[in-house]
Amino acid sequence: MTNKSLTTSDLAQFTGSEQWYRHGLVRKIRFTDGAKYVADTAGAYWLIDDIALGQTEPAIAGEEFQHWKLAVDLEKHSAILTCDDGNDNIVFTKPIEFTDFPLAEIRFYCTDNTILLPSEY
């Protein structure tokens, strides 16, 4: 069960990772302690899955450095997931019709087959 009490100050504590976790479906993808904390605390393994599965798409996988952003409309419980190349050139967009993700926005990087929080970069 998740407690959905994720805050931005919680995320600030992650400045590196002591452990890496292998993604269950896309085995070449790893994620960090911070990414796992988000998934565990907010019940957001679906978000890690979306980023990992995105690596199977040539347009996304072709980007050496990826900046992923989930922008949530907290009133409508919907969101937009985007991936850009780090220079604001969007390579992927996905509307999410329903989410109970607790923050209005969260960002991840994906580089070297690793999903991480920006503070862990």
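Take the Cα of Leu74, go 7 Å toward its beta carbon, and the backbone nitrogen atoms of region 89-121 under 20 Å from that spot belong to 96-108.
When the chain is treated as a GNM with alpha-carbon contacts under 10 Å, the residue of Phe98, Phe65, Phe108 showing the greatest mean-square fluctuation is Phe98. Which residue fluctuates the most in the chain, going by a Gaussian network model with Cα springs under 10 Å, if the choices are Arg22, Arg30, Arg107? Fluctuation is largest for Arg22. Lysine pair count for the chain (Cα-Cα distance under 18 Å; residues 8 or more apart in sequence or on different chains): 6. Ranking Ser17, Ser9 by solvent-accessible area of protein heavy atoms (1.4 Å probe, all protein chains present), from largest to smallest, gives Ser9, Ser17. A 1.4 Å probe, protein heavy atoms only, puts the accessible area of Trp20 near 130 Å².
Using the rule -39500 (n - 2.57) for each DSSP H run of four or more residues, divided by the residues of the chain, the 222 nm mean residue ellipticity is -6000 deg cm²/dmol. Using a simple spin-label model with pseudo-atoms 7 Å out from Cα toward Cβ, Thr15 and Trp46 lie 3.4 nm apart.
Listed options for percent of Cα pairs over 21 Å apart are (1) 47; (2) 34; (3) 62. The value calculated from this structure is the one marked (2).
Computed extension length for Phe65-Asn113: 16.3 nm, one decimal, from 0.36 nm per residue of separation with the Cα-Cα distance subtracted.
The values are calculated or read from the model by the stated rules, or taken from the named source; none is laboratory data. Just so it is clear, the structure is predicted and the values come from calculations on it, not from any experiment. In this analysis, Cβ positions are derived from the backbone assuming ideal geometry, glycine residues included, and neighbour counts consider all displayed protein chains. Note: areas computed on protein heavy atoms with side chains; ligands, DNA, RNA excluded. Shrake-Rupley method; radii C 1.70, N 1.55, O 1.52, S 1.80 Å.
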